[in-house]
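What follows is a set of notes on a single structure, which appears directly below.
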Amino acid sequence: MLYTETILTSQRDQIHDITRTVNAHVRTSGVVNGIAVVYCPHTTAGIAINENADPDVKKDVLMRLNEVYPWQHPKDRHNEGNTAAHLKAITVGSSQTIIIQDGNLLLGMWQGIYFCEFDGPRTRNYHIKLIANT
Amino acid sequence: MLYTETILTSQRDQIHDITRTVNAHVRTSGVVNGIAVVYCPHTTAGIAINENADPDVKKDVLMRLNEVYPWQHPKDRHNEGNTAAHLKAITVGSSQTIIIQDGNLLLGMWQGIYFCEFDGPRTRNYHIKLIANT
Amino acid sequence: MLYTETILTSQRDQIHDITRTVNAHVRTSGVVNGIAVVYCPHTTAGIAINENADPDVKKDVLMRLNEVYPWQHPKDRHNEGNTAAHLKAITVGSSQTIIIQDGNLLLGMWQGIYFCEFDGPRTRNYHIKLIANT
């Protein structure tokens, strides 16, 4: 089963919680055991799994990534000017694979699934592919 | 098939080899061909695949990650003080997918699977999900 | 189905497009829906998904990664001298999972699949594992 979702991001750098949406598709799919692949089809955004409790973690993560991959760099050649967003996307990853057990995502207690925007605001999509097995 | 393992880490930053444990589950599972998803349900730890030969690689990797994401940062807001561990976990990744061929993990000659602790010492879990196919 | 490809890299740091090869295997496999796991069995190389349009993105990505993980570092202990390549490989990832839909890779319009060499030139392999599902 394949599901595609659309979101509208509102900032250049943004970590958007999609855990509920992904889990809702798992539950309605009828998949009891298997895996879910959450996939970002954009090259300046990605999918991450991280803390769902303190919202300051998101702010710190974006601040630190911005420091490691600054938006402006004197040696960048790419004329769209968003090289940093490509590096952040590669670092975070284009997809995450989560185990499905007993009809639910087998996330850790403090884990959430996040769409990571690094060159917004934009209209973005992501795919959820479910693979059932026994 | 799903297996869960528990490990006790002993340092703040630690790269712990779990290759034998993962491969043992693959062998006893009877899965001949497919994939293994090794998943970390914690937000300050991750799973990596890297060199299994020279132990200095692990030391260098932890030293370099600590330099890129220093433990203390004047702009961090997260009051647990472990923002760096979240960034290292995101960089390394929450899971790794390895191909299973002829009943064994299809790792490269120098590859091992590692549980990466970035905020230890703690008791940690990881999951091994096997998907069989032909 | 499992396919193994060999490539010859020509530079120390190189981002090599393998999208067509991966998609050709998907098409000839007869897999209509499922996932493709593209896996690098080396510890100083990896697989990334990123922009397929402006070749300057590749140059910028390699330049930026080299800045974050410089080739020479006074504290490195690993006597092969390629610690930076291990860190780049871990950052990029050993594998990528791509959704297969209607017999094709479900990549975004600007996405390509890349073999990332960080310690070349060398002869390298990568595996493509296809998992079919409905």
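Give the number of residues within the stretch C:72-82 that are open to solvent by 10 Å² or more (accessible area, probe 1.4 Å) and either within 7 Å of chain A (Cβ to nearest Cβ) or polar (S, T, N, Q) (or both).
Residues in the stretch C:72-82 being open to solvent by 10 Å² or more (accessible area, probe 1.4 Å) and either within 7 Å of chain A (Cβ to nearest Cβ) or polar (S, T, N, Q) (or both): 2 in total.
Any idea how many residues of the stretch A:25-45 are among the aliphatic types (A, V, I, L, M) and assigned to a loop (DSSP other than H, G, I, E, B)? Talk me through it step by step, then tell me what you get.
Residues of the stretch A:25-45 among the aliphatic types (A, V, I, L, M): A:26, A:31-32, A:35-38, A:45.
Remaining after also requiring assigned to a loop (DSSP other than H, G, I, E, B): A:31-32.
Of the residues in the stretch A:25-45, 2 are among the aliphatic types (A, V, I, L, M) and assigned to a loop (DSSP other than H, G, I, E, B).
Being in contact with a Leu (Cβ under 8 Å, 6 or more places away or on another chain), at pLDDT 95 or above and among the aliphatic types (A, V, I, L, M) narrows it down to one residue among C:V32, C:V22; which is it? Lay out the reasoning, then the answer.
Working: C:V32 fails: in contact with a Leu (Cβ under 8 Å, 6 or more places away or on another chain).
After ruling out the rest, the residue left standing is C:V22.
I'm checking my understanding of the structure. Among residues of the stretch C:47-77 that are acidic (D, E) and out of contact with any Ser or Thr (no Cβ under 6 Å at 6 or more places or on another chain), which one is modelled with the lowest pLDDT?
As a first pass, look at the stretch C:47-77 and keep what is acidic (D, E): C:51, C:54, C:56, C:60, C:67, C:76.
Now restrict to residues that are out of contact with any Ser or Thr (no Cβ under 6 Å at 6 or more places or on another chain): C:54, C:56, C:67.
Details: C:D54: 92, C:D56: 95, C:E67: 98.
Selected residue: C:D54.
Any residue that is in contact (Cβ under 8 Å) with a residue 40 or more places away in the chain, over 20 Å from B:Q96 (Cβ atoms) and small (G, A, S) - is there at least one of those in the stretch C:114-121?
Yes, the stretch C:114-121 has at least one match.
How many of the residues in the stretch C:83-134 are part of a helix (DSSP H, G or I), more than 9 Å from chain A (Cβ to nearest Cβ) and open to solvent by less than 10 Å² (accessible area, probe 1.4 Å)?
Let us first name the residues in the stretch C:83-134 that are part of a helix (DSSP H, G or I), namely C:83-92.
Then keep just the ones that are more than 9 Å from chain A (Cβ to nearest Cβ); that gives C:83-90.
Right, trim to open to solvent by less than 10 Å² (accessible area, probe 1.4 Å) and you get C:83-89.
Number of matching residues: 7.
Only one of (1) closer than 20 Å to B:I100 by Cα; (2) part of a strand (DSSP E or B); (3) within 17 Å of the chain's Cα centre (by Cα) fails for C:A48. Which number is that?
Checking C:A48 against (1) closer than 20 Å to B:I100 by Cα; (2) part of a strand (DSSP E or B); (3) within 17 Å of the chain's Cα centre (by Cα), the one that fails is (1).
Since B:E80 meets every condition but one in (1) at pLDDT below 95; (2) of a type in the set (D, E); (3) assigned to a helix (DSSP H, G or I), which condition does it not meet?
Only one criterion is unmet by B:E80, namely (3).
Residues to consider are C:V37, C:V32, C:V68; find the one that is open to solvent by 10 Å² or more (accessible area, probe 1.4 Å), farther than 16 Å from B:D60 by Cα and among the β-branched types (V, I, T). Outline the logic, then answer.
Details: C:V37 fails: open to solvent by 10 Å² or more (accessible area, probe 1.4 Å); C:V68 fails: farther than 16 Å from B:D60 by Cα.
The unique qualifying residue is C:V32.
Going through the stretch B:7-18 one residue at a time, which ones are farther than 13 Å from B:H127 by Cα and either surrounded by fewer than 17 Cβ atoms within 10 Å (Cβ to Cβ) or out of contact with any Lys or Arg (no Cβ under 7 Å at 6 or more places or on another chain) (or both)? Step through it out loud before you land on a result.
Quick first cut of the stretch B:7-18, residues farther than 13 Å from B:H127 by Cα only: B:8-17.
Within the stretch B:7-18, B:L8, B:S10, B:Q11, B:R12, B:D13, B:Q14, B:H16, B:D17 meet the criteria.
Can you find a residue in the stretch C:45-62 that is surrounded by fewer than 22 Cβ atoms within 10 Å (Cβ to Cβ) and within 24 Å of A:A36 (Cβ to Cβ)?
Checked against the condition, which is being surrounded by fewer than 22 Cβ atoms within 10 Å (Cβ to Cβ) and within 24 Å of A:A36 (Cβ to Cβ), the stretch C:45-62 yields no hits at all.
Go through the stretch A:48-70 and give me each residue that's more than 7 Å from chain B (Cβ to nearest Cβ) and closer than 14 Å to A:A84 by Cβ. Before you say what the answer is, go through the steps one by one.
Step one: filter the stretch A:48-70 for residues more than 7 Å from chain B (Cβ to nearest Cβ), giving A:52-53, A:55, A:58, A:62, A:65-67, A:69-70.
Across the stretch A:48-70, the qualifying residues are A:L62, A:L65, A:N66, A:E67, A:Y69, A:P70.
The values are calculated or read from the model by the stated rules, or taken from the named source; none is laboratory data. These figures come from a predicted structure and were not determined experimentally. For neighbour counting, all protein chains shown are included, and Cβ atoms are generated from backbone atoms with ideal geometry for every residue, glycine included. Please note that ligands, DNA and RNA were not included when accessible areas were found on the heavy atoms of the full protein model with its side chains. Shrake-Rupley method; radii C 1.70, N 1.55, O 1.52, S 1.80 Å.
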